[in-house]
Amino acid sequence: MAERTALVERNTLETQIKVSINLDGSGKARFDIGVPFLEHMLDQIARHGLIDLDIECKGDLHIDDHHTVEDVGITLGQAFTKAIGDKKGMTRYGHSYVPLDEALSRVVIDFSGRPGLQMHVPFTRAVVGGFDVDLFQEFFQGFVNHALVSLHIDNLRGTNTHHQIETVFKAFGRALRMAVELDPRMAGQMPSTKGVL
Ligand SMILES: [Mn+2]
């Protein structure tokens, strides 16, 4: 099996980012981003997706977290596209429900080749861990636009904001794992009757 790894660098005047990824990893993670709550969430993707992730970002945090969060999402999406390659033998679809105490979220993903985001998370607070929760939409939109996926995110219930978003990221990690998994019964075929994705 070819290694499904990628290293992507993305440099703008606002952020300089390096993302290294291994889709068939064990959940090893290292982050040097400077936004601790985002790092805590990215760690969920690695751990629950069993994806190795190493992300460095020097961003314009003196302005706010916006460019950093959005651009990490973009670069992570680019790294997925590169690591996945031609999608032959890949499961393609993934979904997961994850609870955390009172909170429950569902994430459904399709590596369709077409970007689309439906994110329905009724946050009970505007800020969590010093982090502006509006930015999660920016993160996922950046990811979707560059990983070329349909992504449906629903927080079904929850009153604690930390729990609401942590269940989203854990479910996202598990849905990713399912979707990128190579299915030996597919014997290298494309997961589409069109023959391309
Ligand atoms: Mn937590």
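The values are calculated or read from the model by the stated rules, or taken from the named source; none is laboratory data. These figures come from a predicted structure and were not determined experimentally. Glycine also receives a Cβ, built like all others from the backbone with ideal geometry; neighbour counts cover every protein chain displayed.
Table for the structure above
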{"quantity": "Complete set of residues in region 30-45 that are within 14 Å of the ligand (Cβ to nearest atom) and among the hydrophobic types (A, V, I, L, M, F, W, C)", "calculated": "PHE37, LEU38, MET41, LEU42, ILE45"}
{"quantity": "Residue ranges of strands (runs of 3 or more DSSP E) in region 1-93 with at least 2 members under 27 Å from ARG185 (Cβ atoms) and touching a residue at least 12 places away in the same chain (Cβ under 8 Å)", "calculated": "5-11, 15-22"}
{"quantity": "Which listed residue is over 20 Å from HIS162 (Cα atoms) and either aromatic (Phe, Trp, Tyr) or out of contact with any helix residue (DSSP H, G or I) (no Cβ under 9 Å at 6 or more places or on another chain) (or both), from ASP54, ASP60, ASP32", "calculated": "ASP54"}
{"quantity": "Some residue of region 64-74 being touching a Ser or Thr at 6+ places or on another chain (Cβ under 7 Å) and within 16 Å of the ligand (Cβ to nearest atom)", "calculated": "no"}
{"quantity": "Pick from region 16-28, criterion touching a Lys or Arg at 6+ places or on another chain (Cβ under 7 Å) and over 23 Å from VAL108 (Cα atoms), ranking: farthest from the ligand (Cβ to nearest atom)", "calculated": "GLN16"}
{"quantity": "Filtered residues of region 117-135 (kept if closer than 30 Å to VAL196 by Cα and either touching a helix residue (DSSP H, G or I) at 6+ places or on another chain (Cβ under 7 Å) or surrounded by 15 or more Cβ atoms within 10 Å (Cβ to Cβ) (or both))", "calculated": "LEU117, MET119"}
{"quantity": "Filtered residues of region 94-118 (kept if hydroxyl-bearing (Ser, Thr, Tyr) and part of a strand (DSSP E or B))", "calculated": "SER96, TYR97, SER105"}
{"quantity": "Any hit, region 162-172, residues being more than 15 Å from the ligand (Cβ to nearest atom) and either out of contact with any Lys or Arg (no Cβ under 6 Å at 6 or more places or on another chain) or over 16 Å from TYR93 (Cα atoms) (or both)", "calculated": "no"}
{"quantity": "Selected residue (only one of LEU182, LEU156 is modelled with pLDDT of 95 or more and under 30 Å from GLU102 (Cβ atoms))", "calculated": "LEU156"}
{"quantity": "Of residues in region 130-161 being aliphatic (A, V, I, L, M) and either more than 14 Å from MET41 (Cα to Cα) or in a helix (DSSP H, G or I) (or both), the one farthest from the ligand (Cβ to nearest atom)", "calculated": "LEU148"}
{"quantity": "Every residue from region 28-45 that is under 11 Å from the mean Cα position of the chain (by Cα) and of a type in the set (A, V, I, L, M, F, W, C)", "calculated": "MET41, LEU42, ILE45"}
